[in-house]
Amino acid sequence: MKYSNSKEGLSLTPQSLEDLWILTKFFENGDVVKGKSFRRFKSQEKPSDSGERKPVTLKITLEAVEFSESANKLRLTGKIIEGEPEELCPKGAFHTIDLEVGGNVVVEKELNAYQIQLLKEAENVSKQQSVQ
């Protein structure tokens, strides 16, 4: 796990599936998470069309965390509090950010001793895996 503090918050980049699993214990309801994702945009001219997926950067207030073992990703679900472009990210709408190995999210939260321990554990596991 790679992590660093920035002015925006704590930047997290999982390096393995084990890192994703550790993050299921790290995140809590109410955390503010910022990441890149895709949202479907339906055209007014073709309402029957399933829509086009467009890239967005958004912040959500976390309400659910799910480790999807079959898809090898962590699903972070919550309500949008801000996003770019604004027309694709309506405030209050629900959205899920999929965090994969090598992906990145920024979380705004005060860390407790347990969460700091989890990050250090993940960092040590990553170092051991890179040595082997």
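The values are calculated or read from the model by the stated rules, or taken from the named source; none is laboratory data. Please read these numbers as outputs of a predicted model, since none were measured by experiment. Every residue, glycine among them, receives a Cβ derived from its backbone with ideal geometry; neighbour counts consider all protein chains shown. Remember, those area values only see protein heavy atoms, side chains included, never the ligands or the DNA or RNA. Shrake-Rupley method; radii C 1.70, N 1.55, O 1.52, S 1.80 Å.
Ordered from largest to smallest accessible area (heavy atoms of protein chains, 1.4 Å probe), the residues K54, K36, K42 come out as K36, K42, K54. Between the amide H of F67 and those of R75, distances stay under 5 Å, these residues lying 5 or more places away or on another chain, with hydrogens modeled in the peptide plane.
Every helix of 4 or more DSSP H residues in the chain counts as -39500 (n - 2.57), and over all residues that averages to -7000 deg cm²/dmol at 222 nm. Taking a Cβ cut-off of under 10 Å around P55, the surrounding Lys, Arg, Asp and Glu residues balance to a net charge of +3, with basic ones at +1 and acidic ones at -1. Here the simple spin-label model places points 7 Å from the Cα toward Cβ, and for A113 and E66 these points are separated by 3.5 nm. Geometric descriptor of the chain, per residue, is 115 Å³ (volume of the convex hull of the Cα atoms).
Across the stretch 34-39, rounded Karplus estimates of 3J(HN,Hα) from the backbone phi angles (6.51 cos²θ - 1.76 cosθ + 1.60, θ = phi - 60°) give 10, x, 9, 7, 10, 10 Hz, Gly and Pro being marked x. Computed from backbone phi, the HN-Hα couplings of the stretch 79-89 come to 8, 5, 10, 6, x, 10, x, 4, 5, 9, 10 Hz, rounded to whole numbers (Karplus: 6.51 cos²θ - 1.76 cosθ + 1.60, θ = phi - 60°; Gly and Pro given as x). Just tell me which aspartates and glutamates come within less than 13 Å, Cα to Cα, of K73; anything on the same chain fewer than 8 places away is out. Within the straight-line cut-off, K73 pairs with E18, D19, D98, E100. Per residue, what volume in Å³ does the Cα convex hull of the stretch 68-107 take up? Considering the Cα atoms of the stretch 68-107, their hull volume per residue is 86 Å³. Note: relative contact order over the chain, using C-alpha pairs below 8 Å and six or more positions apart, is 30 percent. The magnitude of the dipole of the chain, with charges of +1 and -1 set on the Cβ of Lys/Arg and Asp/Glu and taken from the Cα centre, is near 180 debye. Between the Cα long axis of helix 113-131 and the first principal axis of the chain there is an angle of about 80°, rounded to the nearest 10. Working ranking of peptides 3-13, 89-99 by packing, defined as the average number of other Cβ atoms within 10 Å per residue, highest first, is 89-99, 3-13.
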